[in-house]
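Taking it in order: structure first as structure tokens, then the write-up.
The values are calculated or read from the model by the stated rules, or taken from the named source; none is laboratory data. Every value quoted in this text rests on a predicted model; they were computed, and no experiment measured them. Cβ sites come from the backbone with ideal geometry, for glycine too, and all protein chains shown count toward neighbours. For accessibility, only protein heavy atoms count, side chains too; no ligands or nucleic acids. Shrake-Rupley method; radii C 1.70, N 1.55, O 1.52, S 1.80 Å.
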Amino acid sequence: MNALPPASRIEELRRGSRRPALAPAPPGAVSLAMGEPDFPTPPPVVEAAVAALRDGNTHYADQKGLAELRAALASRLPAHPGRTWTADDVVVTHGATAALAAVVLAMVGPGDRVVVPEPAYSLYADLVVLAGGTVDFVPLAPDLHWDLDALAAALPGAAMMIFSNPSNPTGIVHRAQELDALGRLLDGSDTLVVSDEAYHRLVYPGHVLTSALEVASLRDRTVYVQTFSKTYAMTGWRVGYLTGPREVVDAAARVHRTHNGSLNTAVQHAALAALDLPDGAVDAMVDRYRRRRELVVAQLSGVPGLHLIPPEGAFYGFLRYDAGPPSETVVRELAERKVMVRAGSEYGPSGEGHVRISFAASESDLRTGLARIVRHLGGGRS
Ligand SMILES: Cc1ncc(COP(=O)(O)O)c(C=O)c1O
């Protein structure tokens, strides 16, 4: 048999992708690399899944998601000026990953340009390549907020812009004024905005998250992507959802049902239980992240050669270092010193010279890992 080359688009994805295959942490290493909560899924959610299985919820569900779950999600969506959401506006997806894939594959075609302010979550660029579109990376401003002048230059003619807020990997929360300015830049255009708000519950004191859905100037062009993964420590359950303009939601639902079919029925019952958790269950986790964030800021501030913009949301610190080597080399060197982090270059060209530190890790791992980072990278140019 001859060689079996994959489709050319997959070759392109393989060549261009910045997403690394994740290596397991070597013995004795602490991992500050993972973007997933270290807390267990709250027990009532687990119990609800078990009960749902025992009750016979073991067959296909509605392809857009259980109507009861979609209605519950619709009633909790951020307020959208001039519009009320119903179950028909929501598609339940295999995590935010499949929500993002569905909207990109539904709305981006060959030749379409997609603006991605970077550094950005690396999935976005790969999805655009998979859809045959072109990624237009627009560097963030030095404070890691949007560079609105650069966006004004890039946006005309773009099919879509994708971002996360709060941001992975920068830990920045894009403010209401930034979102409104974006909406005004797009006035009169057909550019769709995809706002991935996976970390919406993780916002630190002094910062406020305004959902893109709440911003009048973005009202008619925003696709909102959400997930249970981070808020409820449910990364392995694979539940996400999206909403937005009805024709986009319908097109994304078509892609999702073609690629994925319906989501696990019992898992959707568990998701309903997550929505019913008392506020305190999520607040307790948020409080722990807040204390870890303080630890990161305290341990990395004032160290010569290191520069950290204090995280405003999510659970990442995006650390700039003065020492010379590229971030992939620094990540290897740090792994040899038994601390795992992610290379800034994974998130776009401007991520070079940075490493991403996740504080979804125990306080003791954080202390150890941060000390190892400071020992290796502190002290300036080597
Ligand atoms: C910004 C952002 N969006 C989406 C995802 C994927 O979430 P899910 O587990 O729901 O697929 C992640 C995971 O790290 C993320 O950081």
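Could you tell me whether any residue of segment 160-173 is farther than 16 Å from Pro245 by Cα, more than 16 Å from the ligand (Cβ to nearest atom) and either in a helix (DSSP H, G or I) or open to solvent by less than 30 Å² (accessible area, probe 1.4 Å) (or both)?
Applying the first criterion (farther than 16 Å from Pro245 by Cα) to segment 160-173 yields 163-173.
Filter again for more than 16 Å from the ligand (Cβ to nearest atom), leaving none.
No, that holds for no residue.
Can you find a residue that is part of a helix (DSSP H, G or I), within 16 Å of the ligand (Cβ to nearest atom), surrounded by fewer than 20 Cβ atoms within 10 Å (Cβ to Cβ) and touching a residue at least 24 places away in the same chain (Cβ under 8 Å) anywhere in segment 127-147? First the steps, then the outcome.
Restricting attention to segment 127-147, the residues satisfying the condition of being part of a helix (DSSP H, G or I) are 127-130.
Then drop every residue that is not within 16 Å of the ligand (Cβ to nearest atom), which leaves 127-128, 130.
From the residues that got through so far, the ones that are surrounded by fewer than 20 Cβ atoms within 10 Å (Cβ to Cβ) too are 130.
Adding the requirement that they be touching a residue at least 24 places away in the same chain (Cβ under 8 Å) leaves 130.
There is at least one residue in segment 127-147 that is part of a helix (DSSP H, G or I), within 16 Å of the ligand (Cβ to nearest atom), surrounded by fewer than 20 Cβ atoms within 10 Å (Cβ to Cβ) and touching a residue at least 24 places away in the same chain (Cβ under 8 Å).
When Arg290 is tested against (1) open to solvent by 60 Å² or more (accessible area, probe 1.4 Å); (2) in a loop (DSSP other than H, G, I, E, B), just one condition goes unmet, and that condition is (2). Pro310 falls short on exactly one of the conditions (1) away from the ligand (no atom under 16 Å from the Cβ); (2) farther than 21 Å from Pro169 by Cβ, and that condition is (2). Within segment 221-232, is there a residue that is over 21 Å from the mean Cα position of the chain (by Cα), open to solvent by 10 Å² or more (accessible area, probe 1.4 Å) and away from the ligand (no atom under 16 Å from the Cβ)? Within segment 221-232, not a single residue is over 21 Å from the mean Cα position of the chain (by Cα), open to solvent by 10 Å² or more (accessible area, probe 1.4 Å) and away from the ligand (no atom under 16 Å from the Cβ). Filter segment 293-314 down to the residues that are in a helix (DSSP H, G or I), among the hydrophobic types (A, V, I, L, M, F, W, C) and buried (at least 20 other Cβ atoms within 10 Å of the Cβ) and list them by number. Passing the criteria: Val296, Leu300. Scanning segment 343-366 for residues that are closer than 18 Å to Gln299 by Cβ and touching a residue at least 24 places away in the same chain (Cβ under 8 Å) gives His354, Val355, Arg356, Ile357, Ser358, Phe359, Ala360, Ala361, Ser362, Glu363, Asp365, Leu366. Of the strands (runs of 3 or more DSSP E) lying entirely inside segment 175-278, those containing at least 2 residues that are under 22 Å from Glu68 (Cα atoms) and modelled with pLDDT of 95 or more are 222-227, 240-243.
On the stretch given as segment 347-382, residues that are small (Gly, Ala, Ser) and part of a helix (DSSP H, G or I) total 5.
Pick out the one residue from Val203, Val208, Val239 that is more than 16 Å from the ligand (Cβ to nearest atom), farther than 24 Å from Leu155 by Cβ and within 20 Å of the chain's Cα centre (by Cα).
On the way: Val203 fails: more than 16 Å from the ligand (Cβ to nearest atom); Val239 fails: more than 16 Å from the ligand (Cβ to nearest atom).
Checking each option against the conditions leaves just Val208.
Of the residues making up segment 191-200, just one is away from the ligand (no atom under 16 Å from the Cβ) and open to solvent by 10 Å² or more (accessible area, probe 1.4 Å), namely Leu192. Based on what the data block shows, is Ala284 more than 16 Å from the ligand (Cβ to nearest atom), buried (at least 16 other Cβ atoms within 10 Å of the Cβ), among the small types (Gly, Ala, Ser) and part of a helix (DSSP H, G or I)? In short, no.
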